[in-house]
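Each reported figure results from applying straightforward, stated rules to the coordinates on display, with no laboratory input. Computed from a predicted model, the values in this text were never measured in an experiment. Neighbour counts run over all protein chains shown; Cβ positions are idealised from the backbone, glycine included.
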Amino acid sequence: MIRVELTDTAFDGAAALARLALLRGGAVASFTGIARDDGGVTAIELEHYPAMTKASLDALVKEAVTRWSLLGCILIHRVGVVAIGEAIVLVGTAASHRAEALEACAYLIDRLKTDAPFWKKEHRIDGSALWVEAKASDDLRAGKWANPD
Amino acid sequence: MIRVELTDTAFDGAAALARLALLRGGAVASFTGIARDDGGVTAIELEHYPAMTKASLDALVKEAVTRWSLLGCILIHRVGVVAIGEAIVLVGTAASHRAEALEACAYLIDRLKTDAPFWKKEHRIDGSALWVEAKASDDLRAGKWANPD
Amino acid sequence: MRLVYFARVREAIGVGGEDRALPETVLTVADCLDWLVGENANYAAAFADRDKLRFALDQQMVREGTALEGATELAIFPPVTGG
Amino acid sequence: MRLVYFARVREAIGVGGEDRALPETVLTVADCLDWLVGENANYAAAFADRDKLRFALDQQMVREGTALEGATELAIFPPVTGG
């Protein structure tokens, strides 16, 4: 069961994950990225590259499913304006054992942060809006997945 | 918000995780271990050491919260008979950033597998019941957390 | 060639996309940037810090040195910040 | 000393726990195992493979060589298989 979805409205992560638990695997791992107010942020807006985004996420999921022989995988990402406290992204993985589920989940969130064409703009209380800067640490984390361990 | 719980009935993992998402952190990671039928298994029974179990889980959670400065942590583990398909354990972690949440979650499930006094007995279709053998790979995984990286 | 821009680059140039007939001499992504900068001041500002630019050719991430060859769409954007 | 057993060890011995007055000479967990084995054949079977035994003294995981000292409860069990 593979589900890759872009959505411009809040999604029910719990329901999505519940389906992974039905795949008779022994392990389900998940990561939820939440819009966070680190001081003065009212909302986070996600711009993306429609013709490429879904394809890039599909490719990452396909890679993870193969490399960690996943029974199921979910990747839901918001586009447009996300209110503080709402989920921006959900990654869910199901496998027979925990190592595969945990590693594939970390792989997907690390890689999508450096490979999927999204850009975050922080809307602030004072009415300003700033593009979020990519973090070098994200490139580092993505890099460590380069050669299959 | 820290919640460590032993329960002899099925629990609602989704509701537990939803509370972690309210802690204004940017990242929530989770792991669910599910009773799996790898051929002829009808149920899995968990024996545990009541006087020690909760204390050992509390200690692991305390260590994870400190080491990865978690905003919240959940650890729910079943005791008694668990039907195939039901969750045996849920680990949930909330932090400002994904690295802390993901690593703390993997730490907790790896360490509880070698440190928490539970023993699994597989009940099989033919009426037999076999104690599950501990896996050397579990000791290996737990070992890698020894020195804080 | 269809050129598409996103985020800070789109804002600096002022449009999200445009179609351009590229001269024969423009062979790589880098050549294309140089040619555009020569065309219009806005591009100079948008492409000022090339370390802070990423590229996709027909929706595949590529480096600056990649040849355009038969590609139909070149996207130019800042490092991605999704997730 | 309160002795408690679990899983395969409990089944091999036949009881989940018992109270025993340990002789002065029993100083460590290992001594205790040796003494019990001397007492009753069931213990010999239960403790046959010491690599497959784990111990907790007053609910703290310990090794075979750990001194009993003032501890009140010694748990003897197979490697844990939770999670």
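So here's what we get for this one:
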{"read-out": "Efficiency of FRET from Cβ geometry, A:Thr42 and C:Thr72, R₀ 41 Å, rounded to 0.05", "value": "0.55"}
{"read-out": "Highest-fluctuation residue, D:Asp49, D:Asp31, D:Asp58 considered, GNM on chain D with Cα pairs under 10 Å", "value": "D:Asp49"}
{"read-out": "GNM flexibility winner over chain B from B:Ala136, B:Ala55, B:Ala21 (Cα, springs under 10 Å)", "value": "B:Ala136"}
{"read-out": "Label spacing, shortest first and in nm, from B:Asp126 to its equivalents in the remaining copies (7 angstrom along Cα→Cβ)", "value": "7.4"}
{"read-out": "Label geometry 7 Å along the beta-carbon vector: A:Val41 inter-copy distances in nm", "value": "4.1"}
{"read-out": "Inter-copy separations for B:Ala146, label at 7 Å along Cα-Cβ, nm, ascending", "value": "2.9"}
{"read-out": "Nearest-to-axis residue of chain D, judged by beta-carbon position, where the axis maps D onto C, in Å", "value": "D:Gly83, 14"}
{"read-out": "Theoretical FRET efficiency, 1/(1+(r/R0)^6), r = Cβ-Cβ of C:Ala45 and A:Glu63, R0 45 Å, to 0.05", "value": "0.75"}
{"read-out": "Chain A residue with Cβ closest to the axis mapping A onto B, distance in whole Å", "value": "A:Ala14, 2"}
